[in-house]
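Asker: Take a look at this one; I'll ask things after.
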Amino acid sequence: MKIYNAIISRRTIRKFQQKPIKLSILKRIVNAGRLAPSAGNLQPLEYFIAVNDSLREKIFPNLRWAAYIAPEGNPKNNERPMAYIIILVNKEISFGSFFKYDVGASAENITLASLEEGIGCCWIGSFNRKKIENILKIPEQYSADLVLALGYSLENPEYYDIEKGKSIKYHKDTSGVLHLPKRKLDDIVHIDCF
């Protein structure tokens, strides 16, 4: 898949097939994240891969899904993620808030590498950090910054362009398809002047 096509076809996935993901694939995906740009090349990020059934069951209730359509956006029992990649920040290495750029770049690399493998991904920044860190027994020098929920997709969300001032809230139609409003390119690009 060409990079541009991967980027424009990528959608957040919240419904997953109950098919395991090979650990070798997950490590390959994390490697793509590891090689993302890092502010000052400090490389404060580390990754926790959770695939164990009981561990995934403990993680799931501590995540907040699809706020605009909650609880309808929450994966049902037979749609839950088959793996999680938790992006950790080593506080002894990080500097100021620059690690946030690292996390974003890493997460996007992971998401696109997942897509190439046919794996859907959902970024989750709204979660109970203390509980997740306790469940995973994360040492105090680390903080859990982002959870990536992964699995082979069970849905195909669609986007559409919206006019200025229209709602950006995503929604499901009567057949359960998720629709994502996006601001038009011409409304957000400013060339040579504002």
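Asker: What dipole magnitude, in Debye to the nearest 20, does the chain give about its Cα centre under +1 on Lys/Arg Cβ and -1 on Asp/Glu Cβ?
Answerer: Dipole about the Cα centre, nearest 20: 440 debye.
Asker: I need the calculated FRET efficiency for the pair E163 and E72, taking r as the beta carbon distance and R₀ as 25 Å, to the nearest 0.05.
Answerer: Efficiency at R0 = 25 Å is approximately 0.45.
Asker: Among T111, T174, what is the fewest-to-most ranking by other Cβ atoms within 10 Å?
Answerer: T174, T111
Asker: Whole-Hz ³J(HN,Hα) for each residue in the stretch 87-101, computed from phi via Karplus 6.51 cos²θ - 1.76 cosθ + 1.60 with θ = phi - 60°, x for glycine and proline: what do you get?
Answerer: In residue order, the calculated couplings are 8, 9, 10, 7, 5, 6, 9, 5, 10, x, 9, 4, 4, 4, 5 Hz.
Asker: Taking H as built 1.01 Å from N, whose amide H comes closer than 5 Å to the amide H of Y159, not counting residues under 5 places away?
Answerer: Result for Y159 returns L180.
Asker: Check the straight Cα-Cα distances from K131 and name the aspartates and glutamates below 17 Å, setting aside those fewer than 8 residues away within the same chain.
Answerer: Partners found: E57, E140, D145.
Asker: How would you rank S38, S9, S143, S94, going from fewest to most other Cβ atoms within 10 Å of each one's own Cβ?
Answerer: In increasing order of surrounding Cβ atoms, one gets S9, S143, S38, S94.
Asker: Something else now. Quick one: work out the % antiparallel among DSSP beta bridges in the chain, nearest 5.
Answerer: Counting only bridges with both partners in the chain, antiparallel ones make up about 80 percent.
Asker: So which lysines pass the test for K137, namely a Cα distance under 26 Å, with those fewer than 8 places away in the same chain ruled out?
Answerer: Partners found: K22, K27, K58, K91, K100.
Asker: Cα convex hull of the chain: mean projected area in nm², to one decimal? Don't skip to the answer; put the middle values down first.
Answerer: Working: hull surface 51.9 nm².
If I average the Cα hull's projected area over directions, I get 13.0 nm².
Asker: Which of the lysines could be linked to K182 by a straight reach, that is with a Cα gap under 19 Å, when you skip same-chain ones fewer than 8 residues away?
Answerer: K182 reaches K164, K166, K169, K172.
Asker: Further question on the same structure: Give me I132, I3, I110 sorted ascending by neighbouring Cβ count inside 10 Å, so fewest comes first.
Answerer: On the way: I132 21, I3 9, I110 27.
Ordered by Cβ neighbours within 10 Å, fewest first: I3, I132, I110.
Asker: A further question follows. Using just the helices of the chain, give the 222 nm mean residue ellipticity in deg cm²/dmol: DSSP H runs with n ≥ 4 each add -39,500 (n - 2.57), and the total is spread over all residues, rounded to 500.
Answerer: Helix contribution divided over all residues of the chain: -8000 deg cm²/dmol.
Asker: Ranking request for peptides 161-167, 86-92: highest mean number of other beta-carbon atoms within 10 Å first, then the rest in descending order.
Answerer: Listed from highest to lowest mean packing, they are 86-92, 161-167.
Asker: For the stretch 1-93, with only Lys/Arg (+1) and Asp/Glu (-1) charged at the beta-carbon, what is the dipole magnitude about the Cα centre, in debye rounded to 20?
Answerer: 340
Asker: Only loop residues by DSSP count here, and only those with at most 14 other Cβ atoms within 10 Å; note down the chymotrypsin sites (Phe, Trp or Tyr not before Pro) in the stretch 85-121 that meet that.
Answerer: For chymotrypsin sites (Phe, Trp or Tyr not before Pro) across the stretch 85-121 that sit outside H, G, I, E and B with at most 14 neighbouring Cβ atoms in 10 Å, the list reads F95, F98.
Asker: Further question: Tabulate in residue order the Karplus-calculated ³J(HN,Hα) for the stretch 125-133, using 6.51 cos²θ - 1.76 cosθ + 1.60 with θ = phi - 60°, rounded to whole Hz; enter x for Gly and Pro.
Answerer: Running phi through 6.51 cos²θ - 1.76 cosθ + 1.60 with θ = phi - 60° gives x, 9, 8, 7, 4, 4, 5, 4, 4 Hz.
Asker: How big is the charge dipole of the stretch 73-158 about its Cα centre, in debye rounded to the nearest 20, if each Lys and Arg gets +1 on its Cβ and each Asp and Glu gets -1 on its Cβ? Walk me through the numbers before you get to the answer.
Answerer: Details: 8 positive and 11 negative charges, 97 e Å.
Computed charge dipole of the stretch 73-158: roughly 460 debye.
Laboratory data are not the source of any read-out in this text; all were calculated from the coordinates shown. Here the structure is a predicted model, which means the values were calculated and not measured. Neighbour counts are summed over all protein chains in view; Cβ atoms, including those assigned to glycine, are modelled from backbone coordinates with ideal geometry.
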